[in-house]
Every structure is written in C-alpha cells, then in structure tokens.
Amino acid sequence: MKLEEVLDTAILVGYNLLRNGAEIYRVEQSIVYICTAYGMQEIEAFAIPSSIVVTISDGRLSMTKSKRVLTRDTDLDKVDKLTDLSRKICRELPDYDTFKKLLQEILNGPIYGKALTYFAHAMIGLSFTLFFGGNYWDGLVGGMIGFSIALLTGFMKRLRANLFFNNILCGFFSAFISNILAIKTGLFHADKIIIGTIMLLVPGLALANSMRDFISSDTMTGLSRLVEALFVAMGIAIGVAFAMKFV
C-alpha cells in the first residue's frame, strides 16, 4: 500500500471502532498495529471520543490525518467484527481495494430491525420493573413504557437531538405516565415502574468505558466519558423531576 492508503486504512478502522462504542485503547492499538504491519517506522495515534488524529512515517515521508466523530452509537457486534478485521489486516496485508470491500461488508451487515428493537425495549422495561419489586401489573406498564421509550428515542434520532435531551423527554414520559396511572387507579407502584424503565436510559457502557480509560491511564478520555455519562444521567433526573411537578 501507498503511505496515504495505509493511513486511510488505519484511520477508517479506528473511526468505525470509536463510533460503535469501542474503548479508546482498542482504537489506538488497532491503528498502531495496522500501520506497523505495513512497515511504518513512526506511528502516533491519538483518540478521544469525538476525534482521531494519526501521524505516520515510512522513514522518508510523513503524513497526518484527523477525523471527527460526530455521531456515536453502541454496536458491540460491529466492534467485534472490526477488531477481527484489524487482526486479519495484520496477518494478510490486503491491498487497499480488498480492505475497502471487507470494511463495507461489516458496515453494511445485518442490523436489528425495528420490531425486534421495540420488543427488546418492552421486555427490558417489564423485566427490570419486576426485578425491582413491582407486581405483574407494574411489569405490564413497564413493558408498555419501554416500548414507548423506543419510539421516542427513534423520533429524537430523526430530529438529531443529542442524548441529554432524549433522556429528559424519556425520563419525563416514564415518570409522568407511571404517576398518573398510580394516582388514578391505585393498582400500580409508580416508583417501581420508574426505576425499572429508566434502566433503559442509564449510561452503563459509558461509565464502564470511563473507568477502563482511567485504568489504562487515558485520563483525559476517562474524564470526558465520565462527564458525558453524568450529564446523560442528569438528563434522566431532570425529566423525572419535571414530571413529578406536573402530576
């Protein structure tokens, strides 16, 4: 591969790892391993949750490229396949066209359909409501609210709203519906339903990755992820607090 093709290969793998929820150390190591496999003598890879900067040199020429990460999601299946792709690149050293074909196969791979996503949200809402002590009626409402949270999240994504505002809306909806039903019917336990359904919104992966970044000495990235997770959690609290005032 040419120098620019090696750089493009490494940064595309790192970019797609990062935007699908991979840890920072995995992103940087993948970039370094790929560039090393193609004979680069100097490699500097720097990644934070919103950006990647890579500089490589073959001993004669050096080149730097940066790439912003504007949208992020959690798709651990793609992270697993991209990690396997980086290992395959290091073993087989494919040409640039072959790499692009392999990458597109991963990015265009099957994803969960809307029906399965809505069903999973409903089951998670139902299960956690029962887990935290709710009765079967509470679980039924928790499932319905979980289904509604999936619909609201999809709507907010189409509006390109960030996770903070999405969690305010979903937290408000969960607490408002739970309290209205509890007050009007007396059959439901609002606290159990709220706790069960907001588990769909809690940024557990972001917190786990933050702690992992701290352990890996990526202090700036760890702080960035931690602050982001705290703001997302704050959005849930704000939404629930507003709902309590309206009931």
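The values are calculated or read from the model by the stated rules, or taken from the named source; none is laboratory data. All of these numbers come straight from a predicted model, not from anything done at the bench. A quick note on method: Cβ atoms are made from the backbone with ideal geometry, for glycine too, and the neighbour counts reach across all protein chains shown. All accessible areas refer to the heavy atoms of the entire protein, side chains included, with ligands and DNA or RNA removed. Shrake-Rupley method; radii C 1.70, N 1.55, O 1.52, S 1.80 Å.
When you check MET144 against the structure, is it out of contact with any Ser or Thr (no Cβ under 9 Å at 6 or more places or on another chain), open to solvent by 60 Å² or more (accessible area, probe 1.4 Å) and touching a residue at least 60 places away in the same chain (Cβ under 8 Å), yes or no?
no
If the requirement is being among the aliphatic types (A, V, I, L, M), buried (at least 16 other Cβ atoms within 10 Å of the Cβ) and in contact with an Asp or Glu (Cβ under 8 Å, 6 or more places away or on another chain), which of these qualifies: ILE124, ILE193?
Going through ILE124, ILE193 in turn, just one is among the aliphatic types (A, V, I, L, M), buried (at least 16 other Cβ atoms within 10 Å of the Cβ) and in contact with an Asp or Glu (Cβ under 8 Å, 6 or more places away or on another chain): ILE193.
Across segment 110-136, what is the number of residues that are in a helix (DSSP H, G or I) and under 13 Å from ALA150 (Cα atoms)?
12
For segment 137-232, which helices (runs of 4 or more DSSP H) that fit wholly inside it have 2 or more residues that are within 29 Å of SER50 (Cβ to Cβ)?
163-185, 204-215
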